[in-house]
1. Could you work out how far the C-alpha centroid of the range 457-473 sits from that of the range 278-300, in angstrom?
2. Using only the Cα atoms of the range 318-427, build the gyration tensor, take square roots of its eigenvalues as a ≥ b ≥ c, and label the shape rounded, prolate or oblate: rounded if a/c is under 1.5, else prolate if a/b is larger than b/c, else oblate.
3. Could you calculate the contour length gain from residue 334 to residue 266, that is, 0.36 nm times the residue separation minus the distance between their Cα atoms, to one decimal place in nm?
4. Starting with the fewest neighbours, write out 581, 439, 111 ranked by other beta-carbon atoms found within 10 Å of each beta-carbon.
5. Calculate one ³J(HN,Hα) per residue across the range 131-141 by plugging θ = phi - 60° into the Karplus curve 6.51 cos²θ - 1.76 cosθ + 1.60, and present them in order as whole Hz with x for glycine and proline.
6. Please order 279, 235 by the number of other Cβ within 10 Å, starting at the fewest.
7. Roughly how many nanometres apart are two label points built 7 Å out from the Cα toward the Cβ at residue 130 and residue 543?
8. Collect residues whose amide H, placed 1.01 Å from N in the peptide plane, falls under 5 Å from the amide H of residue 450; neighbours closer than 5 in sequence don't count.
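Derivation of every value follows stated rules applied to the coordinates shown; laboratory data play no part. Here the structure is a predicted model, which means the values were calculated and not measured. Positions of Cβ are generated from backbone atoms using ideal geometry, with glycine treated the same way; all protein chains shown enter the neighbour counts.
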Amino acid sequence: MKTVMVFIDSNYFTILILRKAGMIMKKKLVSSFLAASLLLASLTGCGNDAGSDAGNSSAGSSNEESSKEESPAEESSDGAEESEDGGAEGGSGEASQYQTTFGSKQFDDVTIRVELWDRENSPEGATIEENKWTDYIKEKMGAVGINVEFVTVPRGDEVDWLRSGMAGGTAPDIVLTYTYSIAQEYFDMGGVWDLSEFVDGDDQALNMKAYLGEDVIDCGRLTGGDELCGIIAKRATTARSNFYVRKDWMDALNMEVPTTPDELYDLVEAMVKENPEGRTDVIGINTWDDGYFLSAFSKLASDPLESAISCKLTRDYYDEGMKEYYRFINKLYNNGLMDQEYYTRSGDDFTNFIVSGRYATFEDHVLGSLDISKGSRLQTLKENNPDADIVSLPPLKNIWDGKQYTTIYAPAGLIAFCPKTADAETVEACVTYLDWMCTEEGGFTISHGFEGEHYTLEDGIPIAKDAEFNAKDKNWISGDLFLTGNGGYFATVDDFNKSKAFDYPGYEDHVIEDYENAMMGDHIEDIDDALYTAPSQAELAADISLAKEEWVVKIITGSEEEFEDNFASYMAALKDAGVETVDAERRAHFAGE
């Protein structure tokens, strides 16, 4: 068989799929990679024109109707335009058995139970189940005869809770997860509805099709066939993380933005030993092993297939670049440029060190320097030191090929699926609910609030009027209620970036730069276990993780002379823990064996 190379490119991503003799990717993996890639194309304007200008339901009203184009669903007063023979226009002439375009059917007091993640952040006067936004949802769905009950689940325990609920038959009618393999596992066991009969008809889920687009919807066909295991949310952006630096110190030291790990080392050393404030308690760096530094050190970064096969459990063993990453961190540690007690620190310590000015550089999720939910770190630092500034840096050049890479989230967001404990009419109502979430009255309002109260429109883009008010009034829950989009209801990534920037008055440039840096260069998708979990992982993951926890600390904190012996011992410990078994299963799966 000839080697076939398929490239799919846009401003934001490059996907490479290799098919070779003896290594033919499974149909479902090819489908998942292609669908995920095309999904991102739709976000950047290269695919379906789906977004905030598409998806209004004719059955409801929106504050933005005068400024938006009509969606396909609006062309009919009942959500599906009828042809002369009574069927949906463009269809076979017969109406589908299930009517799931919002407003196309009046339900007879059907109750649906919807999972809602509880982050224990309810403001005073509200609860996670009873608040302004859950009331709004209940009112709008009640108008078409659907009663919505929210089933709250602790965010940190959602996977364990999901498994318990599915096993015990107590899971709600709409269940959520970011781990697609779990949804597919229960689908393959016969415990999850095939939603294709509720979505694929020409007159079905028209708002969903207009907003998500065919390519996003197809990401939910996890088996690679026509079966639709669940509805995938469209990410507004796939930006994942940033690496931050004290810009005021960098400028005072007359140092340039680093482009290589060696240049970064020199910058960190100067900030610790020669910082302009004369501080002796400065911590030079805080790192992740799967973000900014993975991009700079990974030898697999240029190979998307190998990057997908190599998950977090197996990466240290199979990616030669990880050895050089740990060598780099070991050098930082031994030269006093890292927190000498980093392995005992908590998240609160991390934030405290930033706001007190101790960190010279650090890595965190995108917008981690400004995010209100993370403690408004830069804003707080500036209260004590008005001249302080924290900015993100572009990705470093990879030590193997000199290219810039950055890790991003997989383009598809969470998946919502329906357990078989729900009957057909309940599932019909559930899909109608998700279809409503794809309208401006639904998802747009849940995400952005009401015009004049929460935002104004600039070129059709919602701009926050009062970021602090929005954080308390809606942002604490809006993301968890909007099930068909992650990050908000937007047409393009640029729209998202502009709108997000206005959530942080005075820091607009920082926000734009953070998101641009988080998407710069070629991308390493954070696929990991989302598409596939090796059968042996349930048995071996704990031992592999324990070996990593034990040896990584020794590798980093040991002397530079001990590094080679410590790393060799780490590799032996991973092998003994079963890392090769997990890799073999993942490799066979991705190879289609």
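1. Rounded to whole Å, the Cα centres lie 34 Å apart.
2. Values: a/c = 2.22, a/b = 1.41, b/c = 1.57.
In terms of gyration-tensor shape, oblate.
3. Numbers: separation 68, 0.36 × 68 = 24.48 nm, distance 1.45 nm.
Computed gain between residue 334 and residue 266 is 23.0 nm.
4. Values: 581 18, 439 32, 111 12.
Lowest count first: 111, 581, 439.
5. Going residue by residue, I get 7, 3, 8, 5, 5, 4, 4, 4, 5, 5, 6 Hz, with x marking Gly and Pro.
6. Numbers: 279 13, 235 26.
Neighbour counts put them in this order, fewest first: 279, 235.
7. Placing both labels 7 Å along Cα→Cβ, they lie 5.1 nm apart.
8. Under 5 Å from the amide H of residue 450 lie the amide H atoms of 455, each far enough along the sequence or on another chain.
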